[in-house]
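S.K.: This structure is in structure tokens; I'll ask about it shortly.
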Amino acid sequence: ITPGELLCLGSSLAFSGLFYYLYRRKSRVVTRIQEAPKLQVDDNLPALVSAAEGRCLPYVALEGIVLPAQAALTSHYHEGLQGVIQKLQLKEHRLIWNSLARSW
């Protein structure tokens, strides 16, 4: 066995181990999402969220009727298909200056 073959074998095993680790980690996340409790959108939901730890419910499936703020979006390709846009708010907790990229 040559040193080049040993290097290829070692790197192959290292990559296989890395990809298996990433697969297992993502598999756990998928399992948690599939086992998420299903809640109805009703008047009890705000009380439930405020009572939760950190005022946050991780991995919860919400079921209910969604009403658009202005007008529903209609599909150009499928008749009778409508949708709404969900507004997302991202909150960054800490900014760090990256001197290499010269950005926050």
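The values are calculated or read from the model by the stated rules, or taken from the named source; none is laboratory data. Every value quoted in this text rests on a predicted model; they were computed, and no experiment measured them. Please note: Cβ atoms are built from the backbone with ideal geometry, for glycine as well, and neighbour counts cover all protein chains shown. Ligands, DNA and RNA are excluded from the accessible area calculation, which covers all protein heavy atoms including side chains. Shrake-Rupley method; radii C 1.70, N 1.55, O 1.52, S 1.80 Å.
S.K.: Quick one: what pairs do we get from the stretch 75-97, first residue among the small types (Gly, Ala, Ser), second modelled with pLDDT of 75 or more, C-beta under 7 Å, 6+ apart or different chains?
M.R.: These pairs meet every condition: Ser75/Leu81; Gly83/Ala72; Gly83/Leu73.
S.K.: Moving on. Take the stretch 30-72 and flag every residue that is among the hydrophobic types (A, V, I, L, M, F, W, C), loosely packed, with under 11 Cβ neighbours inside 10 Å and part of a helix (DSSP H, G or I).
M.R.: Val30, Ala47, Ala51
S.K.: A follow-up question, please. Would you check which residues across the stretch 1-17 are open to solvent by less than 90 Å² (accessible area, probe 1.4 Å) and β-branched (Val, Ile, Thr) and list them? Outline the logic, then answer.
M.R.: First, pick out the residues of the stretch 1-17 that are open to solvent by less than 90 Å² (accessible area, probe 1.4 Å): 2, 4, 8, 10-12, 14, 16-17.
Thr2 - this is the single residue of the stretch 1-17 that is open to solvent by less than 90 Å² (accessible area, probe 1.4 Å) and β-branched (Val, Ile, Thr).
S.K.: Please pick out the residue among Ser103, Ser99 that is surrounded by fewer than 10 Cβ atoms within 10 Å (Cβ to Cβ), small (Gly, Ala, Ser), touching a Phe, Trp or Tyr at 6+ places or on another chain (Cβ under 9 Å) and modelled with pLDDT under 85. Full working, then the answer.
M.R.: On the way: Ser99 fails: touching a Phe, Trp or Tyr at 6+ places or on another chain (Cβ under 9 Å).
Unique residue meeting the criteria: Ser103.
S.K.: Run down Tyr20, Tyr77 and say which single residue is surrounded by 10 or more Cβ atoms within 10 Å (Cβ to Cβ) and among the aromatic types (Phe, Trp, Tyr).
M.R.: Among Tyr20, Tyr77, only Tyr20 is surrounded by 10 or more Cβ atoms within 10 Å (Cβ to Cβ) and among the aromatic types (Phe, Trp, Tyr).
S.K.: In addition: What pairs can you find where one residue is in the stretch 3-30 and touching a residue at least 60 places away in the same chain (Cβ under 8 Å), the other is part of a helix (DSSP H, G or I), and their Cβ atoms are less than 9 Å apart, with a gap of 6+ or different chains?
M.R.: Going by the 9 Å Cβ cut-off, there are no qualifying pairs.
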